[in-house]
Amino acid sequence: MSKNPLKILSGGAVKRGVAQVAEEFERTTGTPVAVEFATAPEIRKRVAAGETADVFVVPPAVMEEFQKQRNIVPESRGLVGRSRVGVVVHAAAAAPPLGDTAAFKRALLGATAVVYNTASSGLYCARLMEQLGIVEELKGRIVVVDSGAAIMEAVASRAPGAIGLAQISEVMVMIEKGCAVRLAAPLPDEIQNMTSYDAAASAASKTPGEARRLAESLRSNAAKKIFAATGVD
């Protein structure tokens with residue numbers, strides 16, 4: 001049994017599910033687990049700078065890089081789940097109509113601020129606004145923050161009228177914490193973005209057997225039920 005905790009380095013969109021699975025793993029095995037959350041770009045930078053972990057939970061594109069760099073054990077890799085993007089408004093604001101792309105575009109143009117982050121979903125939202133041709137019209141109202149939690153905090157700190165674009169799983173976490181926001185709706189189906197997350201054991205783990213078992217627990221059938229309850233399919 002490991003004396004030092006196993007370390008999970010994970011993307012924030014799957015935070016609640018990863019934390020719950022880690023707690024269950026610790027309870028059933030007696031092996032302590034420490035979890036750190038960051039955006040995918042930040043995790044990439046940290047690993048490139050030499051940081052290690054026992055298990056990674058990141059989008060497939062990042063995991064592909066880790067696999068090419070031999071940072072993970074390939075056979076331990078598997079899908080954790082997929083997270084959708086939603087539209088967030090202040091808890092005191094009326095939810096705008098969001099039934100289709102045209103309605104979504106009108107909602108953004110009518111917002112006092114449009115907030116997203118620098119993670120994978122935020123990069124998608126930036127591209128989406130370019131595709132919709134509204135970046136110039138929104139100039140001065142776009143607010144880019146460094147995390148999912150910061151999106152909700154930015155919307156909550158402003159008067160009703162701001163719109164946040166965030167992973168639904170992260171929205172649910174912040175609402176449970178009492179943040180004054182609510183989920184207006186998911187992005188319309190035709191422009192929805194689903195971010196997948198894979199789990200894999202690190203090739204640098206000093207306890208490879210336990211690292212593999214932890215990675216397996218994150219993609220088990222029991223874990224899928226936990227993740228589904230947190231907004232991750």
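Since every read-out is calculated from the coordinates, none of them should be taken as a lab result. Here the structure is a predicted model, which is why all the values come from computation and not from measurement. Using ideal geometry, Cβ is built from the backbone for each residue, glycine included, and neighbour counts are taken over all protein chains shown.
Mean residue ellipticity at 222 nm from the helices of the chain, using -39,500 (n - 2.57) per DSSP H segment of n ≥ 4 over the full residue count, to the nearest 500 deg cm²/dmol?
-12000 deg cm²/dmol
Calculated FRET efficiency, residue 159 and residue 136, Cβ-Cβ r, R0 22 Å, to nearest 0.05?
0.35
With contacts defined as alpha carbon pairs under 8 Å and 6 or more residues apart, what's the relative contact order of the range 109-233 in percent?
24
Arranged from highest to lowest average of other beta-carbon atoms within 10 Å per residue, in what order do the peptides 130-136, 71-77, 120-126 appear?
120-126, 71-77, 130-136
If you place +1 on the Cβ of every Lys and Arg, -1 on the Cβ of every Asp and Glu, and leave all else neutral, what size is the dipole of the chain about its Cα centre, to the nearest 20 Debye?
Its charge dipole is roughly 240 debye.
In nm, what is the difference between 0.36 nm times the number of residues separating residue 26 and residue 127 and their Cα-Cα distance?
32.4 nm
Counting DSSP beta bridges with both partners in the chain, what percentage is antiparallel, nearest 5?
Taking every DSSP beta bridge within the chain, about 55 percent pair in antiparallel fashion.
Which parts of the range 195-231 would a label at residue 34 reach, counting a residue when its backbone N lies under 14 Å from a point 7 Å out along Cα-to-Cβ?
206, by backbone N distance to the label point.
So if each residue of separation counts as 0.36 nm, and I subtract the Cα-Cα distance between residue 146 and residue 103, what length gain in nm does that give?
That works out to 12.8 nm of additional length.
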